[in-house]
Amino acid sequence: MNLNALSQNPAVITNTLHSENATVNRKKESELPFASMVSEMIQSVDAQQHVVAGDVQKLASGEADNLQAIAANMAKADLSFRFLMEMRDKLITSYQEVMRMQV
């Protein structure tokens, strides 16, 4: 940072401070607490599972005839569930490693 330019033009300081404050505010707004992020992910996976269960019931009762869309929804729900289980496994492994640390 050029100090001479700052001393000659106080508007540069004001603009710099405003841009830094805007950056900090954007970071605060975009950051979610970890617990709420995980909770939202679980709710999303649960909603997908419920949609697929309803689709399968409709298919079994003869109300639905688009097997391809139902199969695609099942694949999406399965992939989301597997991803969630992998995250759970990684979190448990990380927690166990932290608990094994010597203080």
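The values are calculated or read from the model by the stated rules, or taken from the named source; none is laboratory data. In this text, all values refer to a predicted model and were calculated from it rather than measured experimentally. With ideal geometry, Cβ positions are generated from the backbone for all residues, glycine too; neighbour counts draw on all protein chains shown.
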**Request:** Scan the helices (runs of 4 or more DSSP H) fully inside the chain and keep the ones with 2 or more residues being at pLDDT 90 or above and exposed (fewer than 12 other Cβ atoms within 10 Å of the Cβ).
**Result:** 34-61, 67-100
**Item:** residue 62 being small (Gly, Ala, Ser) and on the phi > 0 side of the Ramachandran plot
**Value:** yes
**Request:** Starting from region 60-87, keep only residues that are among the aliphatic types (A, V, I, L, M), then list their pairs with residues that are part of a helix (DSSP H, G or I) whose Cβ atoms are within a distance under 6 Å, requiring at least 6 positions of separation or different chains.
**Result:** 64/58; 70/55; 70/59; 74/52; 77/48; 77/49; 77/52; 84/45
